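A quick write-up on the structure given underneath.
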């Protein structure tokens with residue numbers, strides 16, 4: 001019984017011992033687990049890139065905790081794994097810094113040596129060499145000392161002064177620890193952790209600075225872009241304004257005028273009671289201002305005209321300049337045509353007041369065409385066309401007046417358009433012919449030559465006389481190819497007649513030159529080429545030019561006529577007496593022949609004054625060594641008077657009608673005097 005009691009007591013003692021040990025072990029495990037959690041969290045905070053901005057004082061306390069743990073051999077695997085991950089993260093951050101402008105020079109140079117030592121030392125401390133290798137331990141101690149110096153010289157200067165003092169004390173404390181070779185591994189881990197933390201902090205701050213700089217640059221660039229957008233909008237607005245306004249006067253231009261006219265036309269189609277009108281203005285003889293005073297004065301006058309016109313219209317009306325001295329006005333919302341005419345008359349009265357240009361007075365007048373708006377118009381261009389036609393009618397009726405477009409003008413405009421179209425086709429197809437009117441010596445009845453008169457053979461209208469299409473040809477420029485063809489054809493025909501019907505002196509040919517032809521720079525070359533190709537002697541050609549064409553540009557005319565004289569080409573002044581010239585003014589030109597206009601010949605006999613005028617012209621022309629040709633000789637009385645005045649030559653139905661080439665051939669074959677040309 002006593003033995004049993006002893007065994008039971010021993011078992012109870014063993015059970016209590018094991019129970020106490022189990023409790024102690026469980027308490028120890030619980031304490032170790034809590035300590036493990038605390039140390040792991042500390043390592044995580046130390047090695048997390050997200051925590052690099054924490055105060056260093058917190059980091060110091062955790063350093064002490066980690067130092068003690070590593071000295072006791074705790075958590076060394078976790079610390080190693082965390083640090084390796086930390087190095088990889090920092091290296092990735094430094095690599096990202098290298099791609100940032102300015103990053104390599106500021107960050108890589110500063111941290112490259114420290115980072116290399118970390119990699120090398122870590123391999124010595126925890127790599128293949130192992131901590132038991134005395135050589136590795138010695139090198140590790142040296143590297144730990146260098147790392148401590150790097151912390152003070154390379155990394156710590158970037159921190160605040162107080163934090164630097166704290167880190168210096170921590171470094172001195174760690175240096176003392178390094179004297180114990182058994183704790184070199186702990187020392188190196190702490191130093192390397194501190195270095196990596198500082199590098200991460202510097203990288204983070206650098207990236208913050210970079211981001212802040214980038215944000216500032218983005219903000220500055222945004223402001224620059226906003227300014228550029230504003231400037232672009234200003235430029236676009238100016239371009240839009242320039243596209244719809246006249247640069248000289250600031251008025252609306254043709255594009256803007258047609259746009260507003262289109263709106264008025266649309267409004268008239270929608271509202272039967274809405275009326276509008278277009279005024280087309282062309283200022284009379286404005287070219288004289290440019291030619292006499294210069295284009296600068298002309299421009300200033302146009303600006304003054306623009307301001308005057310703006311003062312003549314109502315608010316809501318549109319004044320536009322189309323170019324040159326052409327203006328247009330859109331009168332919106334008028335009551336009737338009488339209202340438009342009243343406004344136009346007021347405008348004419350205002351225009352009679354002289355313009356003030358640079359302190360000088362300038363008088364102007366305008367020919368005005370009016371087109372009253374109607375829903376029947378399809379496009380705004382049609383209204384403007386009709387106003388333009390009415391303006392031309394006003395000019396033809398004496399200028400300084402207005403005309404209202406009507407159906408008669410519309411028909412005339414259509415006829416003119418059709419005429420111009422057919423005339424262009426005729427030029428392409430050379431549907432022209434020439435009639436030759438003999439020029440007869442009044443003394444003996446000999447034919448001395450011919451005047452070439454162009455005729456148009458229209459497929460519907462038949463033979464069209466010059467007075468019905470020459471003006472259109474002049475205005476459209478078609479007179480240039482027509483005149484070139486006439487000159488070439490006439491020279492070729494005369495050369496043939498000279499060859500087949502020789503005479504002494506040889507027959508001559510007179511060809512008219514228009515004002516438009518005289519403006520050609522290559523006219524002299526054209527004449528030379530035609531004479532060379534047709535082999536016609538230059539002295540057999542006489543060019544007829546009106547006195548108004550000669551006096552329009554006297555300087556250029558003198559130069560051109562002197563060139564003609566040097567080629568032995570004769571010059572005849574056509575329609576003398578219809579212009580403002582005198583024989584004394586023509587004396588400066590190398591003129592051979594004067595042609596007295598038929599208006600003076602028609603009045604001979606019934607009007608003694610006309611007889612005296614013709615006698616005076618013949619006498620003065622002879623005194624200036626010029627020959628005289630009388631045009632339009634149609635009666636025997638006219639012929640007798642001209643012969644008595646010793647007029648040299650004559651043309652007219654009494655002497656001979658204008659004939660085509662075949663008719664002239666028959667006339668030359670008969671070789672009869674002029675009195676029988678019409679027989």
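Here is how the numbers come out for the structure above:
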quantity: Pairs with Cβ under 6 Å, 6+ apart, first in segment 608-632 and in the same structural domain as residue 445 (by TED's automatic domain parsing) and more than 16 Å from residue 573 (Cα to Cα), second surrounded by fewer than 21 Cβ atoms within 10 Å (Cβ to Cβ) and at pLDDT below 90; calculated: 610/603
quantity: Residue, farthest from residue 595 (Cα to Cα), within segment 641-657, restricted to residues that are in a loop (DSSP other than H, G, I, E, B) and touching a strand residue (DSSP E or B) at 6+ places or on another chain (Cβ under 8 Å); calculated: 657
quantity: Test: residue in segment 584-605 that is crowded, with 16+ Cβ neighbours inside 10 Å, out of contact with any helix residue (DSSP H, G or I) (no Cβ under 9 Å at 6 or more places or on another chain), at pLDDT 90 or above and closer than 29 Å to residue 500 by Cα; calculated: yes
quantity: Among (1) within 21 Å of residue 247 (Cα to Cα); (2) touching a helix residue (DSSP H, G or I) at 6+ places or on another chain (Cβ under 7 Å); (3) modelled with pLDDT of 90 or more - the single one residue 289 does not satisfy; calculated: (3)
quantity: Complete set of residues in segment 469-498 that are more than 14 Å from residue 664 (Cα to Cα), part of a helix (DSSP H, G or I) and without any contact (Cβ under 8 Å) to a residue 40 or more places away in the chain; calculated: 471, 475, 479, 483
quantity: Subset of segment 616-639 [surrounded by fewer than 21 Cβ atoms within 10 Å (Cβ to Cβ) and more than 58 Å from the chain's Cα centre (by Cα)]; calculated: 616, 619, 620, 622, 623, 625, 634, 635, 636, 637
quantity: Residues located in segment 233-256, provided they are loosely packed, with under 11 Cβ neighbours inside 10 Å and in a helix (DSSP H, G or I); calculated: 233, 234, 235, 236, 237, 238, 239, 240, 243
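The values are calculated or read from the model by the stated rules, or taken from the named source; none is laboratory data. Note that the structure is a prediction, hence the values are computed from the model and not measured. Virtual Cβ from ideal backbone geometry, glycine too; neighbours counted across all protein chains shown.
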